[in-house]
Amino acid sequence: MSQTNSISEWVRTKVFVERLNNPLGFALIIGITAFFGLAIGFLGIKLGVLLFAAIVGAPLMLWVFLNEQVGLAVCLVIGFTIQLSYKFGDYPMGTLLDGLTMFMVLAVFIKQIGKPDWSFAKSPISYYIIAWLVYSFIQILNPEAQSLIAWVYTVRSMTLLILLYFVCCYAFNSLDRIKWILKFTLFLTLLAALYGLKQEWMGYTDWERAWLFADPLRAELIIQWGRERVFSIFSDPTTFGILMAYMAVFCIALAMGNAFKSWQRLVLLGSAGAMMLSMAYGGSRTPVVLIPAGLVFYVILTLRKEVILVMGVFFVLGTAAMMKGTSNPVMLRIQSAFNPGEDASFEVREKNQAKIKPYIQSHPFGAGMGTTGIWGRRFSPNHWLASFPPDSGYVRIAVEMGWIGLLLYMVLLFKIQQQGVYYYVRVKDPQIKTLYLGLNIIVFLLIVASFPQEIIILLPTSIIFYISAAAIVRLKDFDPAFNEEIALAQAAEKENIKEATIAS
């Protein structure tokens, strides 16, 4: 017994007291490195990576089960790196994200056994999300659909990840948790921005260049206007640029408030600058338009004199910059964003939408999920819509799920925005009010960006959007002054009802 105790004490000292900063720790590192080196050598890199994932995955899943915040952080990491992983091989990152999402949803249900309490998700937003989920699953019965597999693939991107909203509502049981996940999102976004700047100033790596020229269409998309556009760790400059745009305005909104320390505001402004510069090097038009749109929305929400003055100066200088002649390809690309009439792709998009409008009007339930775009070409190649490019999140929903689906989706987006503005106006805590302001801007810009692009369903934006919606629902719960005011109003209403009942 004494020998067992001495061994236990030795292990405790080496692992927990000395934290493996000793020969045992070095031996373990060497052993683990050698093991995985041999595994990759004998099994190949894919099987080696899968083996590593299996060994690390078991304790990680337990950690996720105990702490949903960890799971959300892992989801964000996957969302940010999924397109990067596809440049090295066909790794099942999407399936991994789907499985993690369902595991976290299951964990929430398990934790509700015994003492069920769903008050954390009590919001009109939750009801509309449930309605959207039901409608999406009803689409499996759409008689116009030609492929069940296409529905399966599409429902993953358009519906399954939305379940993260409920996980977030459950996980956000304190203000600190919400702030932590937003900080982590900003951290990952800043890393992506800095890597984009690295691409611009130091060029692509050899493997990035090999990936780029492996597909002529990809190379044609990224090399335009006489320069190589920046795409960071993503697959295209547009996805990257839109992320940079709405997160940059989010940083500006937080920095302009009075709820954070001076050094934090400087970090936010510096981050916003890096994001906007990286976005400019990406050369996409939509993100450029989002910056002034977000700032106008910010001015409308705040209506502060000093903000209006600063933004007025910004827009005057910006207008002058857009009107000034230049030979710089970056500036030319930015200027072209404000001249859509001269953009051939814009004209093609307008013609396509005009052509599809009669079909949308005559098909209230649409042609079936996955009929257009990449899944349409893959699973319904003979359908005339398989070659139709939606070029818009709203057009795609209207075509595939009908104008009824589009109406339901638009109501959902409106409700998220309406609830965000409603609570922004009414909460009292300065920090919570500032966070509401920033989240409202994210939602607004993603609603705007969905007109010319399919952006909300793309990673990592989809995860950020659902995190924002859940934060809008939960932030108010941590403002004591707001909740006290609500309680007093409810008490007064009950008293009025009681008096009216007695009088009658």
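What to note about this one:
- Per-peptide packing, taken as the mean over residues of other Cβ atoms within 10 Å, places 143-151, 444-452 in the sequence 444-452, 143-151 from highest down.
- Summing Lys and Arg as +1 and Asp and Glu as -1 over all other residues whose Cβ lies under 9 Å from the Cβ of residue 432 gives a net charge of +1.
- Net charge of Cβ neighbours under 12 Å - reference residue 255; Lys, Arg +1; Asp, Glu -1: +2
- Separation of region 233-255 and region 134-169, taken as the distance between their Cα centroids, equals 27 angstrom.
- Taken over the alpha carbons of region 246-304 as equal point scatterers, the Debye sum produces base-10 log I(q)/I(0) values at 0.14, 0.26 Å⁻¹ of -0.40, -1.06.
- Highest to lowest packing among 73-81, 421-429, scored as the average C-beta count within 10 Å: 73-81, 421-429
- Converting the Cα gyration tensor eigenvalues of region 77-144 into ellipsoid dimensions via √(5λ) gives semi-axes, longest first, of 29, 21, 12 Å.
- Total formal charge among the other residues, if their Cβ is under 13 angstrom from that of residue 204, Lys/Arg +1 and Asp/Glu -1: +2
- Farthest positive-ward along region 124-479 dipole, Cα basis, beta-carbon charges - from 461, 412, 145: 412
- Residues in region 127-134 carry Karplus couplings, in order, of 5, 6, 5, 4, 4, 5, 4, 4 Hz; the curve used is 6.51 cos²θ - 1.76 cosθ + 1.60 with θ = phi - 60°, and Gly or Pro positions show x.
- For the residue pairs 122/415; 87/183; 183/415; 179/476; 115/494; 111/428, the C-alpha atoms sit more than 23 angstrom apart in 87/183; 183/415; 115/494; 111/428.
- Protection proxy ranking of 101-110, 234-243 - average other beta-carbon atoms within 10 Å, highest first: 234-243, 101-110
Values in this text are rule-based calculations from the coordinates and carry no lab data. All figures in this text were calculated on a predicted structure; none of them were measured in a lab. So basically every Cβ, Gly included, is an ideal-geometry build from the backbone, and we count neighbours across all protein chains shown.
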